[in-house]
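In what follows, a single structure is set out as structure tokens and then discussed.
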Amino acid sequence: MARHNRIVLLGPPGSGKGTQGAILAQNMGVHEISAGDLLRTEVKTGSNLGKEIAECINAGHLVSTDLIVRLMTQAFLAPENENGFISDGFPRSIEQAEIFEKVQQQTEFTGKKVDLVLLIDVPDSYILERILGRFQCPSCGTFYHDKFKPTKVAGVCDICGGKEFAKRADDTEETVVSRLRVYREATAPLIPYYEKQGLLVRVDGTGSIDAVSEKIKEIVGY
Ligand code: AMP
């Protein structure tokens, strides 16, 4: 049993939350719950709500607190997440954290409160290169990076052999600038917020994927 089972990943866009969250979740035998993925799933349905969400995502703005708290809380309490979860991208503001704090005081969350907030620390100078170089195989969902994690054979997915790749619509220079501003203004205040609660641990996210995941392993203790 790991020392921590309910973990929030915090960090700027491009810090590796998705990559490290997936590795961590697999090693701990729990699911990574990505706020961005839940929203992108709604966008794909083409619903009116999906269209509103897409506008926010493509502008690099946050979607409404009510919506994201509802989606994430539902996922945290789903039977398949009974033994723990990794939350990637939620909470993303003090307002979300305060509402989530109240939600966690409800009886359904007894024994299921977040027990670690892991801040993946990466200086701004890394972020643009990391985000602009990333791409995904839409068939199996595997993420790659032109420089840091290329496919083994050029143009072929290592996992499923797919030959078509896609980039996220919001991984453009213009949107990244806006996402970074939102991170600094809305999300970074969560660092002192969770520090005061004694939940925050920092990990240096500038090394290779393996080096960072080793450091996280030591912290989480699995
Ligand atoms: P991500 O996949 O975490 O980079 O998130 C992509 C986009 O989804 C963000 O830029 C926001 O527009 C939206 N989003 C993700 N998480 C949240 C959240 N906790 N609150 C509000 N909007 C979010």
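The values are calculated or read from the model by the stated rules, or taken from the named source; none is laboratory data. Nothing here was measured: the structure is a model prediction, and the numbers come from that model. Note: ideal-geometry Cβ built from the backbone for every residue, glycine included; neighbour counts use all protein chains shown. With ligands, DNA and RNA removed, areas are computed over all heavy atoms of the protein, side chains included. Shrake-Rupley method; radii C 1.70, N 1.55, O 1.52, S 1.80 Å.
For the reader, a short list of remarks on this structure follows.
- Gyration tensor (alpha-carbon) shape descriptor, the chain, a/c threshold 1.5: rounded
- Accessible-area order (highest first, 1.4 angstrom probe) of the listed residues C56, C137: C56, C137
- Distances between placed amide hydrogens fall under 5 Å for R202 paired with L119, all partners being 5 or more residues away or on another chain.
- Accessible surface area normalised per residue over segment 111-222 is 55 Å², counting heavy atoms of protein chains with a 1.4 Å rolling probe.
- For segment 31-48, the Karplus equation 6.51 cos²θ - 1.76 cosθ + 1.60, evaluated at θ = phi - 60°, returns couplings of 9, 8, 10, 9, 4, x, 5, 4, 5, 5, 5, 5, 4, 5, 5, x, 5, 4 Hz by residue, with Gly and Pro reported as x.
- Mean separation of Cα contacts under 8 Å (6+ apart) over length of the chain, as relative contact order %: 32
- Carbon and sulfur %, accessible surface of segment 1-119 computed with the full protein complex present, 1.4 Å: 50
- By the helix-only formula, in which each DSSP H run with n ≥ 4 contributes -39500 (n - 2.57) and the sum is divided by residues, the chain has a 222 nm mean residue ellipticity of -13000 deg cm²/dmol.
- Segment K149-A59, length gained on full extension (0.36 nm per residue, minus Cα span): 29.7 nm
- Sum of side-chain charges, P138 neighbourhood, beta-carbon under 12 Å (Lys, Arg +1; Asp, Glu -1): +4
- Excluding same-chain neighbours fewer than eight residues apart, the lysines reachable from K113 by a Cα-Cα span under 24 Å are K17, K102, K196, K215, K217.
- Those Cys residues of the chain for which no other cysteine Cβ falls under 4.7 Å: C56
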